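The values are calculated or read from the model by the stated rules, or taken from the named source; none is laboratory data. These numbers come from a predicted model, not from an experiment. Every residue, glycine among them, receives a Cβ derived from its backbone with ideal geometry; neighbour counts consider all protein chains shown. Note: areas computed on protein heavy atoms with side chains; ligands, DNA, RNA excluded. Shrake-Rupley method; radii C 1.70, N 1.55, O 1.52, S 1.80 Å.
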Amino acid sequence: MGFSTDAIHAGQKPDPSTGAIITPIYQTSTYVQDGVGEHKGYEYARTQNPTRQALEANLARLERGRHGIAFASGMAAINALMSRFESGDHVIVSSNVYGGTYRLFEQLLRKFGLDFSWIDTSDLDLLQSTLRDRTRMVFVETPTNPTMVITDLKAVSRICRQRGILSCVDNTFMSPYLQRPIELGIDIVVHSTTKFLNGHSDSVGGIVVCSDDRINDDLHFIQNAAGAILSPFDSWLVLRGTKTLAVRMKAHEESGRRLAQFLAQHPKVEKAHYPGLKCHPQHQLALRQQRGFGAMISFETGSLDNARRVLGSLQLCSLAESLGGVETLACHPASMTHASVPEEDRLKLGITDGLVRISVGLEDVEDLQADLDQALGKL
Ligand SMILES: *Cc1c(COP(=O)(O)O)cnc(C)c1O
């Protein structure tokens, strides 16, 4: 089936007792059993919940994986995945991943003996030379947040397979509509469903998708043992969201392209970062590996004062963390999403004080362009 058909139907059957076309919110903590040891596959709601299972099957299908395991947030999903490793294990990570991932790995997981190397994973020679005997996984975000550096996923999966180590992609920025890492040979995909998958800025959640049965068993064990499950209501909200994922992403991306062009040519903008721009250093790779360029744009205003003035002058775009909703959001990565990254590291990644990031929403693009234009006009 095609992507939109899967988005609407995969994992969901009409409710057998009523015919309700939408999977109900099974808001229950337990299930009555027919006799001792006789039940319908549902014992306790941390362990099994039909609404959550419908979402897990839906997202697994959209990412072209066999299994999905849903968690209470994107960070809970990534933390669950990392719980498979043991003290002494080493993981290679894209240097400018989501700030929360950096905080989890460096400030929490390091305490348990995990070791991390932060590198530019778009540099494949560097990736090769960073591998160690205890390297267990390469964790990639592409395009990166917020400077839009792209890593060649086919090449990463080849390197990992040769060495017998896992590859994982945080696909939150692209969504499976625009990029499907598993089709490119990647083992594991993680998402913050909070963003494009839910799409309506009204739920926090996360998912891990994989095809390997053992990884799936481990993650279901961790999901039940550690308990950071996605609630039935949030599972239902994300299922509502994925039904329109294809049409939303198409519209997000169309406006994204147009605003990126506008910003790149604007006299007050020193530089715009967007993979769809011909001047993006990896535009060709983006064309090969993605089905579009997405709706995340960052641009350089030149100074902290300028960034403050632009962000303070926006009237339609809201100043907020997060992304992927129907509303256009603007943020200041240096003080917001990447505040937990030390300044020296931040500057090395190109996350300057003058950088502004926008997540392009679904408002009329003319209105968004006019808002950005009047805000830049204040400089
Ligand atoms: C938001 C985000 C996360 C964390 O997800 P939460 O749902 O906020 O816990 C992880 N990775 C990326 C790329 C994100 O944008």
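When we measure straight from the Cα of residue 13, which aspartates and glutamates land under 14 angstrom away, once same-chain ones fewer than 8 places off are left out?
56
Can you send over the solvent-accessible area of residue 231, 1.4 Å probe, protein chains only, in Å² to the nearest 10?
40
Report the local net charge at residue 347: Lys and Arg +1, Asp and Glu -1, summed over other residues whose C-beta lies under 14 Å from its C-beta.
-3
Which percentage, to the nearest 5, of the DSSP beta bridges contained in the chain is antiparallel?
Bridges in the chain are about 55 percent antiparallel.
Rounded to the nearest 500 deg cm²/dmol, what is the calculated helix-only ellipticity per residue at 222 nm for the chain, with -39500 (n - 2.57) per DSSP H run of length n ≥ 4?
Value at 222 nm, helices only, nearest 500: -10500 deg cm²/dmol.
When the Kirkwood hydrodynamic radius is evaluated over all pairs of different C-alpha atoms of segment 213-312, what value in angstrom, to one decimal, is obtained?
So the Kirkwood estimate lands at 17.1 Å.
What whole-number value in Å² describes the accessible area per residue of segment 3-242 for a 1.4 Å probe?
Using a 1.4 Å probe on heavy atoms only, each residue of segment 3-242 averages 40 Å².
Would you rank 318, 87 by solvent-accessible area, highest first, keeping every protein chain in place and using a 1.4 Å probe?
From most accessible down to least: 87, 318.
Can you send over the solvent-accessible area of residue 84, 1.4 Å probe, protein chains only, in Å² to the nearest 10?
Number for this one is 60 Å².
For every other residue with a beta carbon closer than 14 angstrom to the beta carbon of residue 335, add +1 if it is Lys or Arg and -1 if Asp or Glu, then tell me the sum.
Summing Lys/Arg as +1 and Asp/Glu as -1 gives -1.
With springs connecting C-alpha atoms under 10 Å apart, model the chain as a Gaussian network and identify which of 17, 211, 94 has the largest mean-square fluctuation.
Looking only at 17, 211, 94, the largest GNM fluctuation is found for 17.
Hey, what do the phi angles of segment 363-379 turn into as Karplus ³J(HN,Hα) couplings, whole Hz, using 6.51/-1.76/1.60 and θ = phi - 60°, x for Gly and Pro?
Going residue by residue, I get 5, 4, 5, 4, 5, 5, 4, 5, 5, 4, 5, 5, 5, 5, x, 7, 7 Hz, with x marking Gly and Pro.
Could you tell me the accessible area of residue 250 in Å² (1.4 Å probe, neighbours in place), rounded to the nearest ten?
110
Would you list, by chain and number, the lysines whose Cα falls below 27 Å from the Cα of residue 271, excluding same-chain residues fewer than 8 positions away?
Answer for residue 271, where 27 Å is the Cα cut-off: 195, 250, 348, 378, listed by chain and number.
For 18, 5, 130, what's the largest-to-smallest order of accessible area, 1.4 Å probe?
Output order, biggest surface exposure first: 18, 5, 130.
Counting only other residues whose beta carbon sits under 11 Å from that of residue 130, what net charge do I get with K and R as +1, D and E as -1?
Net local charge, residue 130 excluded: -2.
Could you please put 218, 213, 371 in sequence from largest to smallest accessible area, using a 1.4 Å probe?
213, 218, 371
With all pairs of different alpha carbon atoms counted, what Kirkwood hydrodynamic radius in Å does segment 3-242 show?
About 18.4 Å for segment 3-242.
Accessible area of segment 245-376 with a 1.4 Å probe: how many percent of it is carbon plus sulfur?
C and S atoms contribute 49 percent here.
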